[in-house]
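The values are calculated or read from the model by the stated rules, or taken from the named source; none is laboratory data. Quick caveat, the model's predicted, so the values are computed rather than measured. Positions of Cβ are backbone-derived with ideal geometry, glycine not excepted, and every protein chain shown enters the neighbour counts. Quick note on the areas: whole protein, heavy atoms, side chains included, nothing else; ligands and nucleic acids left out. Shrake-Rupley method; radii C 1.70, N 1.55, O 1.52, S 1.80 Å.
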Amino acid sequence: MSLSPGTKLGPYEIGSPLGAGGMGEVYRAKDTRLGRDVAVKLIPAHLSQNPEVRERFEREARVVSSLNHPNICTLFDVGRDGDAEYFVMELLEGESLATRLERGAMRPEEALKYASQIADALAAAHKQGIVHRDLKPANVALTKTGAKVLDFGIAKLREEQVVDMATRTTPLTTAGTMVGTIQYMAPEQLEGKPVDHRSDLFAFGALLYEMLTGRRAFDGGSQASMIVAILTTEPRAVSELIPASPPAVDRIVKLCLAKDPEERWQSAGDLARELRFIADGRSTSTTTSGSAPAVVVTRKPRIPVWLASALVVAGAAIAAATGWTLHRPPAQPLIRSSIVLPASAQLDSDNASLKLAPDGSAFVYAAAEEGKPLQLWVRSLSSLVAQPLAGTEGATYPFWSPDGKSIGFFADRKLKKVPASGGAVVTLCPAEEGRGASWGEGDVIVFSPNVFAALYQVPAAGGQPVALTDIGDVAKEQVTHRNPHFLPGGKKLLYFSGKPSADETNGIYALDLATKKSTKIMTVDSEGVYVAPGYLAFVRDGNLMAQPFDPSSLKLSGEAVPVAEKVQFNSNRRTGTYAFSETGLLLYYNGTILSPRQLTVYDLDGKVTATLGEPAMFWMQLAVSPDDKTAALAIRKPETGSDLLVYDLSRGTSSKLNSDQRDNMAPVFSPDGRLVVYRDTPGYFWVRSVDGATPPRKVSAQAEAVGIVVDWSPDGSTLLVSSLVPKTGFDVCTLSLHGDGKLVPFAASPANETFAAFSRDGRWIAYLSDESGKTEMYLAPYPGPGGKSQISTGGAAVGGWLGAGRELWYANADGKFFAVPVTVQGAGVEFGTRRPLFGGQPLRFEFGQFTHDGKHFVAAVSPVTSTGPMMTLVNHWSADLTR
C-alpha cells in the first residue's frame, strides 16, 4: 500500500516517499515525540502476510539494531500499525552510490575514501558475526559525514547453514530464490554453497572496481552469462582502464575477486587499513619505469588450487624483483598500567566480578560500598570515574553482550540484563545461584543456574531455558557445569566440569551446541577462556596462563606460558578477577579481594576496648563462645581454601582449630562451648571438639553447597541452617544431630530467609526475611505452631539475641544498631520500644557478634584506606608470546 502525506504510523507522521524496493516502501517521516526527521521503511500489508517476508523483516530489525557504527545506517525503532509493519531509521541526506555512479567513475582519492569507510562498516558487522550478503551500490549512501551501508535485511549470521538455490527465475522477494544481487554475488553464493564474511569481500571488490572504473566487474546479456562470467573470468585490471589509479589498487581488487574464498582478503578491517594506506599516498608503485609489466590471469575454466598457488608465488617473486613491498603495521608494544578503584569499593570476593567490553572500551565490575550490597559499576577506559548501574543490587558474574550494549548478570535468583549505559533491568529467567554465563552471537545466552547444575540456553530476550548438558544424579555425583565461554562463531563453547574436590574428571571441556557433544580439552581446576588471536587462558598455581589453541579443531599446541602472576583466584568457584577483550587488552587483579580485617572489641558506647592479633582475611561469620572467652573465625589462606582459628579475647592470641587440611568455614559453638560445628568446601557439616581430643564427625547426609550453620539449640540437639533450596531460595532449616542428617524446613517461602538464632530457652527463633521486599527481622515460635511477628523497621542486615535474651538486636544497612525488648506471655509475645545502641552512631564492620553477657560487640573491621583495589591493565598482552 502507498501512504499519503500526513498519515500516522504510531508516533510517526508520513511525509514524501523516498523510494521502494523488494522489501518495502521508504518514506520521509517526522517523529512527533522528538521532532526529528526519520526514514520509515514499510512492508505492505499484502506482503506482511507472507511468513517468509515477515521473518525477513523481523530479522532485518534484529540485525540492524545490533550494529552501532558511524558508517552503518542507525535503526531507531520498530513498530506495527494494523497490518503494516515498519521500522524507523536514520534519515540520510545525500545520494546513493548507485546514483553517483550513473555519472561515471569516481576520482581515485574519492573512491578510496568511501571504500575504506565501507570496509570499516563491514568489519564492524563481521566482528559481530553478521554477513551482509547483498552489498551493492544501491545499498550504500553517500552523505556529508561519509559512506553509510544500508539494508542488512538479508544479512545472515556467519556459518549459519542455509543453502540458496543456484538459479533465479523470479523476483528476489519470491520464496525459493537466491538472496542477493547477481552482479555482486560471490561464486560460492551462485553455487549454493555456505557463505561467510569473505562473500561480502567479493562484493566489495566488485563495488570498488565499479567506483574506480565506472564499469561493472562482471556483466552479461543474461543472468546465465553473468553467472558464467563471475565463475570463470577475471575483469581487466583497474590500472589498464584508469592509468591514474594507484597501481596497488590492482592487487586490492584482485584479491577481493578471487574465486576461492581462501585466496581473498580474510578481514575487512585489514582491507580498510590497506585502502587508507594507499589513499595517504604512501604506497610504492608496482609499475614504475623499467619495472616488469603487471601479470593479468584470465581463466575460462576454474584454475586448480595448485596452479593458483604457483601464480601467487610467482607474483611475489616479481614484486620482490621490482622493489614492491607490502605495508605492514609496526609491531604493537606491550604496555602495562594501573587502574585504581575507589577506596570504598570492595570487589565481589566469591564470584567472577570483572569483565572487559568486547571492544575494550570499558569494563564492568561487581563491588560493594561500605554497608551496601553488591552492585554493578561500569567504567569507560576514557574516564576516571565508574558509574553505578541502578537496579543491579546483589549482582554477580557480570557478562557483556557481543555488541557491548548490554550487560547480563545474576541477582535475586534470576538471570537478568541491563543496558550498559544504564536503564531498565530485564529479567530473563530463573537462576537460583548462578555460576557464570556467556552471551553468544545470535542473541543466545548459555548459563549455569546453580551450584550443581547443567548448562542451559535461553534467548537474550528471555524465555524458557533449555538444558544443553546432563550431569546425572546431582545428590550422588555432585558434578558442576559452570563458567561457559563462547568460542568464535557461536557454535561451540568452553565450560568447566568437575566435582568440589580434586578429581581426574575435573577440567575444561568444549560443547558443540548442535550435537550436544562435549570434548575434554585439558585437566585443570580452572575455567577456560578463548582469547584471540588463538590462545586458551586458564589459571594454574595462581598464575594466569595462555596456551596456543585452535578453536576449530579444539586442539592445544605448544606450551602454556604465564601472562600474569598470582592473579586473584577463587578455587571454589574456579574463576578469578581477570578479563580479556577482543582487542588485545588484559585487566587483572593480583591482590586479595578480601582485605585484611582487624578483630576489634567495642563496648556499648561504641568505643574500642581492644584489638586482637594481626589483621587477617576473616571470612563468612564470627562465633563467640558461651563463656565469652574465645571467638572462632574462618581465615582465607593466601593460596586456596580456609582455616579455622580460635582467638583468646583477653590476650589476643590465636590457635588453629582444624588439623585435617580440609577447607573449613562458618564455625558455631555448642551450648557448652566444648564443640564447634563448621562446613567444608563441598558443603558437608562437621562437629569436632575444640581441644582436638576427638576427630571430626560428619553430621549432614548431603552437601549443602550454599549453606551454613548459623546457630545451635540450647539443649544441644539441633542445628539451625541457612541453606539455598532450588525452588524457594534461601530457607531456614533445622538439622537434628540425632536423626538422619537431613534438613527440615522451618522458615521456607519464595522469599529469602537467612541468619536465624534460637532464644535462650530454645522456644523461639529470630530470623531475617525479605518477603516484604526489604530484609527485616521476624520472630516465630519453635517448633510451632504460631505465626511470626516483625521485629525490625527500616531494614535489618544482621541480628540476634542480646544479653540474657530479653532483647533482640539488629543492625540496618547503614550500620546503625537497635535493641527491641521482648516479653513472652504464655504462647504470645510482646515487644517494647526499640532503643539505639552505641549512642546511635553507626559502626563500621564486616561481620560480628555480641558477647553472651551483652556488654561487648566483637567484630571484624576493615581498615580505612585512601585507595581501593589496584588492578593492572595490559595492552597487547600477547606481544611477548609472538616474538
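Overview of results
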item	result
For SER723, solvent-accessible area (1.4 Å; no DNA, RNA or ligand), Å²	0
Long pairs among LYS499/LYS727; LYS372/LYS491; LYS491/LYS566; LYS372/LYS727; LYS30/LYS405; LYS414/LYS491, criterion Cα-Cα beyond 30 Å	LYS372/LYS491; LYS491/LYS566
Phi-based couplings in Hz for region 817-823 (Karplus 6.51, -1.76, 1.60; Gly and Pro marked x)	9, 9, 10, 10, x, 10, 10
Assigned charges on the beta-carbon of Lys, Arg, Asp, Glu; region 334-417 dipole about Cα centre (debye)	200
Region 519-592, accessible area per residue, ligands and nucleic acids excluded (1.4 Å, Å²)	39
Point-to-point label distance, SER383-ASP541, nm (Cα→Cβ direction, 7 Å offset)	4.2
Aspartates and glutamates with Cα under 12 Å of LYS113, excluding same-chain neighbours fewer than 8 positions away	GLU274, ASP280
Dipole moment magnitude, nearest 20 debye, region 697-749 about Cα centre, only Lys, Arg, Asp, Glu C-beta charged	160
Segment ASP359-LYS788, extension gain: residue separation times 0.36 nm, minus the distance between their alpha carbons	149.2 nm
Cut-off 14 Å (backbone N to label point 7 Å along Cα→Cβ of LYS499), residues of region 685-706	703
Region 571-577 - phi-based ³J(HN,Hα) in whole Hz, Karplus 6.51/-1.76/1.60, Gly and Pro as x	5, 6, 8, 6, 8, x, 9
Net dipole in debye of region 435-521 [+1 Lys, Arg Cβ; -1 Asp, Glu Cβ; about Cα centre; nearest 20]	80
Phi to ³J(HN,Hα) by Karplus 6.51 cos²θ - 1.76 cosθ + 1.60 over region 92-98, Hz, x for Gly, Pro	9, 8, x, 9, 6, 4, 4
Residue (of VAL624, ASN570, SER557) at the positive-pole extreme of region 497-640, dipole from beta-carbon charges	SER557
Using alpha carbons only: equivalent-ellipsoid semi-axes of region 747-855, gyration tensor based, whole Å	21, 17, 12
Accessible carbon and sulfur surface of region 380-531 relative to its total accessible area, %, 1.4 Å	51
Sites matching trypsin sites (Lys or Arg not before Pro) across region 647-739 that sit in DSSP coil, with at most 13 neighbouring C-beta atoms within 10 Å	ARG651, LYS727
Fraction of accessible area attributable to carbon and sulfur, region 697-854 (%, probe 1.4 Å)	50
Computed label-point distance, nm, for sites THR694 and LYS774 using a 7 Å Cα→Cβ extension	4.6
